[in-house]
Amino acid sequence: MMAVCLALSAYFSATETAFSSANTTRLRAMAEKGSRNAALACRLLEKYDRLLSTILIGNNIVNIATASIGTVLFVRHYGEAGATISTVVVTVVVLIFGEISPKSIAKDCAEKCAALSAPILQVLIWVLTPLNAMFALWKKLLSRVFRLNGDSKMSQEELLLLVDEVQQEGSIDRDEGELLKNAIGFSEQTAEDILIHRVDLTALPITAAKEEAAELFTRTKYSRLLVYEGSIDHILGTIHRKDFYVGCGVTEKPLADIVMPPVFALESEPIRQLLKKLQQAKTHVAVVLDEYGGTCGIVTMEDILEELVGEIWDEHEQEETPVRRLGPDSWAVDAGMDLEDFAAQFHIKTDSEMVSVSGWVMEQFGRVPEQGDSFNCGGLHVEVTQVENHRIGAVRVTAPAGQDAPQQAAG
């Protein structure tokens, strides 16, 4: 009888560990391959509280029964000392064979154990339904008394940590991990975070001659050009290269007839919504407006996709290197570089809300600096090396001898 109780104790212990450690994705995969037990295990996991209370009730019943039977047997053979001997022996036996051993085995093959134990557990859930109902009400009462939050949704930070863990385990490689992280953070980004600023836009007035448009297409190698009326704040749309060049020459139509109307978006619009808007409009360019209706910049379909898969280089584009080594302890930095990337590469901490290195440098001076102006920050000496039209183009960063080189510019 004690052996049966011990076996049941091992079963309940293994089942508890199996269901708490099982990967639901793997169980679903097993179920899709035709495993009925895995499908049943998935259904049981959907009501985990009822499952857990059944396991705990069964485990406690058999453990108490084991202790009681052991006490009776040892007292019968050893008299008054039997109770003490029974406590020691039963505790050691249950701990080794009813707890530690089955739980250790179940943890290493959680999905298989959960699937194997599911049918028996389903029967026990039916048998113990009255007790499960009582404990469910007790749990609700405790939740109200202690104001427990039953929200079990995984936060974005937890998802990112999960991706890191899976990557460290070797289930996915670094590129796959980066793709998953980008996808998780995708929903948090807005048009303002990825737009091409208005000062970097290449556009034509609607009154421009076709020769000007042809020259701009040739010089920029863009497939689309922005067209405006009066000023860049009044963008009419885009001209596509394939509409401008027809047959063996330039179209005879006026520019106004081949302008495609643009998609407009606000700075705060999430890029996931903007992507859907571009897909519905069957266009690749969205004009981003500020609160006054002026043009902040543009967001292209390529810009949005790059947030997921990384930089996409066309065959005629040269890969940009925002940080170039000039000497043993100095580097040339493109002022348009993302400030977070700059801080990470040069191992500095900053609380600035600026997006680019250019904005951060201006913030340090409190004005538009001139070429040759410099400052020190975080052990780095930063010197402005290029200013054009009140805009910083590049800076030189010098680090103290022996300081770690930037992660992506050490070569």
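The values are calculated or read from the model by the stated rules, or taken from the named source; none is laboratory data. Just so it is clear, the model here is predicted, and its values are computed rather than measured. Don't worry about glycine lacking a Cβ; one is built from the backbone with ideal geometry, like all the others, and counts go over all protein chains shown.
Across the stretch 249-269, what is the number of residues that are outside any loop (DSSP other than H, G, I, E, B) and within 19 Å of residue 294 (Cα to Cα)?
Just the residues of the stretch 249-269 that are outside any loop (DSSP other than H, G, I, E, B), to begin with: 249-250, 255-257, 259-260, 263-266.
Then keep just the ones that are within 19 Å of residue 294 (Cα to Cα); that gives 263-266.
Total satisfying the criteria: 4.
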Leading residue by the ranking (farthest from residue 235 (Cα to Cα)) among those in the stretch 294-305 that are touching a strand residue (DSSP E or B) at 6+ places or on another chain (Cβ under 9 Å) and surrounded by fewer than 17 Cβ atoms within 10 Å (Cβ to Cβ): 301
Of 106, 39, the only residue that is in contact (Cβ under 8 Å) with a residue 24 or more places away in the chain and not aromatic (Phe, Trp, Tyr) is 106
Subset of the stretch 271-309 (residues that are among the hydroxyl-bearing types (Ser, Thr, Tyr), closer than 15 Å to residue 226 by Cβ and not in a strand (DSSP E or B)): 283
When both residues are 6+ apart or on different chains and their Cβ atoms are under 8 Å apart, which pairs have a first residue that lies in the stretch 231-243 and is in contact (Cβ under 8 Å) with a residue 40 or more places away in the chain and in the same structural domain as residue 206 (by TED's automatic domain parsing), and a second that is of a type in the set (Gly, Ala, Ser) and outside any strand (DSSP E or B)? 233/293; 233/294
Take the stretch 159-195 and flag every residue that is aliphatic (A, V, I, L, M), closer than 25 Å to residue 291 by Cα and touching a helix residue (DSSP H, G or I) at 6+ places or on another chain (Cβ under 7 Å). 191, 194
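Look at residue 273 and say whether it is under 30 Å from the mean Cα position of the chain (by Cα) and surrounded by 12 or more Cβ atoms within 10 Å (Cβ to Cβ). It would help to see each step written out before you state the result.
Details: under 30 Å from the mean Cα position of the chain (by Cα): yes; surrounded by 12 or more Cβ atoms within 10 Å (Cβ to Cβ): yes.
Yes, satisfied.
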Taking residue 40 as the residue in question, decide whether it is closer than 24 Å to residue 122 by Cα and assigned to a helix (DSSP H, G or I). yes
Give me a count of the residues in the stretch 152-201 that are in a loop (DSSP other than H, G, I, E, B) and surrounded by 15 or more Cβ atoms within 10 Å (Cβ to Cβ). 4
Scan the stretch 335-352 for residues that are acidic (Asp, Glu) and under 20 Å from residue 307 (Cα atoms) and jot them down. 338, 340, 341
